[in-house]
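None of the figures in this text is laboratory data; all of them are computed from the coordinates on show. Keep in mind that this is a model prediction, so the values were computed, not measured. Please note: Cβ atoms are built from the backbone with ideal geometry, for glycine as well, and neighbour counts cover all protein chains shown.
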Amino acid sequence: MKRVYSFGSIVCLLILLLSGNAFADSILCASTTSTENSGLFGHILPIFEKDTGIEVKLVARGTGAALEMGRRGDADVVFVHAKEQELEAVADGFFVDRHDVMYNDFVIIGSPDDPASIKGLTSAVDAFKKIADYQTVFVSRGDQSGTHTKELAIWKRTAIDPAGQKWYLEVGQGMEKTQRIGNEKRAYVLTDRGTWLATKDQLEMEILMEGDPVLFNQYGIMAVNPEKHSHVKYEQAMTFIKWMISDTGQTAIDGFRDKLGNSLFIPNAK
Amino acid sequence: MSIVLKLENLTKAYGGKPVLTHCSFSFDKKGIYVLRGSNGAGKSTLLRICALLEMPDKGKISFYSANDRLARNIDLQRQISLVLPKVGVFNRSVAANVAYPLKIRHIAQREVSRRVEQILELVGLSHKKNQQALTLSSGETQRMGMARALVIEPEILFLDEPTASIDDENTLIIENLLKTLKQNGRATIIMTTHDPGQANRVGDYLLWLKNGQLMTDFRKCEEVNMYG
Amino acid sequence: MAFILESFHSALILIVRLDAELLNIMLLSLKVSGSALISATIVGLPMAALLALTSMPLKGFFLNLMNTCMGLPPVVVGLFIYLMLSRSGPLGFMGLLYTSTAMITAQFVLALPIIVALCHSAIVSVDPVIRQAALTLGATRSQASLTVIAEARYGIISAIIAGFGRLMAEVGAILIVGGNIAGYTRVMTTTIALEADKGNFELALALGIILLGMALLINSLLLIFQRRAIVRK
Ligand SMILES: Nc1ncnc2c1ncn2[C@@H]1O[C@H](COP(=O)(O)OP(=O)(O)OP(=O)(O)O)[C@@H](O)[C@H]1O
Ligand SMILES: [Mg+2]
């Protein structure tokens, strides 16, 4: 028995030694998978941390989950792209100090043979209508993400309810997985340009529709309301927000390139 | 200090079927009591009750030391030992098995080693000291079981069919061991056997268990007291 | 099949380079799963022993519960712990969400039923003559119980190995309660999930190979320990 105890205590000691990550001045930022997976945060956060000494811990989720994290007080600051929902949550008193930060845009991708012939259309709403008319497969994120929200908004304008149609697949997964499922199914997918640029080499798909202002994708940042959740680090969160919309932050965003050298996000803070 | 075991009106039944009925006896001599009886007579049951592993339905078991009745506690329990027909072998070395009763009594390591060596010598297993106990033959296992029980030098030792499933040679070794113990005159030994020859060779006092009753066989042991 | 070779190749390169980030992730994996496993064993083994060696009310129900919980989906456990630890949840004041403590807690909950159920069956399968022998040799009741547990050590180590396997492979629960924060709560499995999400399949598979290697190494250590604990006939 004695040997078992000494083995146990050695293991415990090792674990104690390994667990040395002291928490410096840090805030928790809830954001979307697109910002992390694209590498944007990997680019700008070190600059911010060097400027201010505040560490930003990033939890990347779908927009729905990220907003919920903020509402529950599990984050200090939220950085997502679903402007209507964001404004609504601010109006409900969950968040304060919301600012536009940057944008990218959405595109509709699909197999190059374009079975619903949406190529050349200038309106995303028309493109969706045609897809529904031809009953060609459309793969939806179906995960309450910003992209999903945007997609639903477009469907709403077409006055078509795709839910439950057999050509409409809600996969409930991240952007890359949704694209890959669309690729396998030779289907149409609404995607953000950043993810598309990062993954297009692995897909037999191309952009079939782009440029409609409806497809504009605004990212916004806001702080969790300290009056709702007194424990949040509002001051540090505000430092982060102010930095993001400052010239320094905006320049940092502008300077970001993905690993293929593409510029993904255009800063537009006012 | 020698310990006397006294049984008064022991009664035990399993599922309504009586096994022991009003057994009374006093084991007050040093030496070897041999308990015989047909299969299912209740010999093992009696030994288990005497060794305080099981409670009787009725009756009393008491231990006396110089007419003082001993309290029934772990200290008393530790002066008696029982070797079952199926030796419960611990999955360790032979030496560790034999050291076990000393270890649980918190005896110092040096003393433990000394006594283990000594007792293994006595049962002829010194050369198997470091062997894994589960790999012993059944004769060796039985001897190890004896050694494990003897190492604490018990006042009373119960042996339930110590030579039941082993060959003549090992039987002889064990019988010689019993004779040695008898000559040392330290312990009271109470054993069961189905071998009449063995009973005569090693036993001082012969007891029969029949129809739930315990009786002495006067052909061999005139000095045994009978109660009830 | 070329991609498998490619991944092995990248795995090798990763191991040879062993940059600080990967090392941190590997160590955190070990720390989280190791702590959860050890605490689950410290709590679960006595529970298993109590269930196996004493008679208590609701014993059958409890065992059934443990056996059923062995199959709990990690995401469900993760979600439950998340709701408990969330600032809006009952334990929110502790501020544990998105820390390694939260991940350890979730994995502890996942490991506990495995440890209890498997240790229980290891202990009850010890031959009853062992307990009898211990008692006849002067053991107290608790000493006899410890002896029985010691005799079950082979099965107990197997239970620990099974628990460790489940924890090292687990991603659903730690992703939810840990948040996969780089440098803080990012472990092997969540990194693999992230890289697979990003479409870096080769890197993901290479990390998977490293994870497998780590698990093999730990299991070998445990097996050596186990081999010393048993005897082969
Ligand atoms: N735990 C028990 N539960 C039910 N019945 C029991 C139990 N232990 C013993 N018995 C019964 O009590 C009777 C006496 O059994 P015991 O083992 O004492 O006999 P024995 O004299 O030792 O026989 P043998 O010479 O075959 O060893 C048998 O009928 C047996 O079936
Ligand atoms: Mg018998």
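At-a-glance table
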read-out: 30 Å Cα-Cα reach of residue A:200 towards lysines, excluding residues that sit fewer than 8 places from it in its own chain; value: A:57, A:83, A:119, A:129, A:130, A:150, A:156, A:166, A:177, A:185, A:259, C:198
read-out: Estimated dipole of region B:108-228 in Debye, rounded to 20 [Cβ of Lys and Arg +1, of Asp and Glu -1, Cα centre]; value: 320
read-out: Built amide H within the under 5 Å cut-off of residue A:95, gap 5+; value: A:90, A:225
read-out: Inter-centroid distance (Cα atoms) of region C:1-50 relative to region C:129-167, Å; value: 28
read-out: Anisotropy class of region A:106-215 from Cα gyration tensor, a/c 1.5 cut; value: rounded
read-out: Gaussian network model of chain C, springs between alpha carbon atoms under 10 Å - residue of C:13, C:123, C:115 with greatest fluctuation; value: C:13
read-out: GNM top mover of A:189, A:78, A:125 - chain A, alpha-carbon springs below 10 Å; value: A:125
read-out: Charge dipole (the protein assembly as shown, unit charges on Cβ, about Cα centre) - positive-most of C:159, B:33, C:64; value: B:33
read-out: Distance in nm between pseudo-label sites at residue A:259 and residue B:68 (7 Å out along the Cβ direction from Cα); value: 8.4
read-out: In order through region A:103-110: 3J(HN,Hα) via Karplus (6.51 cos²θ - 1.76 cosθ + 1.60), integer Hz, x for Gly, Pro; value: 9, 9, 10, 9, 9, 9, 10, x
read-out: Relative contact order computed over region C:2-232 (Cα-Cα under 8 Å; 6+ residues apart), in percent; value: 30
read-out: Using θ = phi - 60° and Karplus 6.51 cos²θ - 1.76 cosθ + 1.60, couplings along region C:34-46 (whole Hz; Gly, Pro as x); value: x, 5, 4, 5, 5, 5, 5, 6, 4, 7, x, 5, x
read-out: Spatial separation of Cα centroids for region B:122-198 and region A:192-244, in angstrom; value: 82
read-out: Long-range HN-HN contacts of residue B:158 with modeled amide H, under 5 Å; value: B:81, B:82, B:83, B:190
read-out: Lysines whose Cα lies under 19 Å from that of residue B:128, excluding same-chain neighbours fewer than 8 positions away; value: C:233
read-out: Residue order, fewest to most beta carbons within 10 Å, for A:222, C:56; value: C:56, A:222
read-out: Spatially proximal lysines relative to residue B:60 (Cα-Cα < 26 Å; intrachain offsets below 8 disregarded); value: B:6, B:12, B:17, B:29, B:30, B:43, B:210
read-out: Whether region C:2-232 is rounded, prolate or oblate, judged on the alpha carbon gyration tensor where a/c under 1.5 counts as rounded; value: oblate
read-out: Rounded Å value of the spacing that divides the Cα centres of region B:4-73 and region A:95-150; value: 90
read-out: GNM top mover of A:170, A:88, A:68 - chain A, alpha-carbon springs below 10 Å; value: A:88
read-out: J(HN,Hα) series, region A:80-93, from Karplus relation 6.51 cos²θ - 1.76 cosθ + 1.60, nearest Hz, glycine and proline x; value: 9, 9, 8, 3, 4, 5, 4, 5, 4, 5, 5, 4, 6, x
read-out: Residues with amide H under 5 Å from that of residue B:214, placed H, sequence gap 5 or more; value: B:24
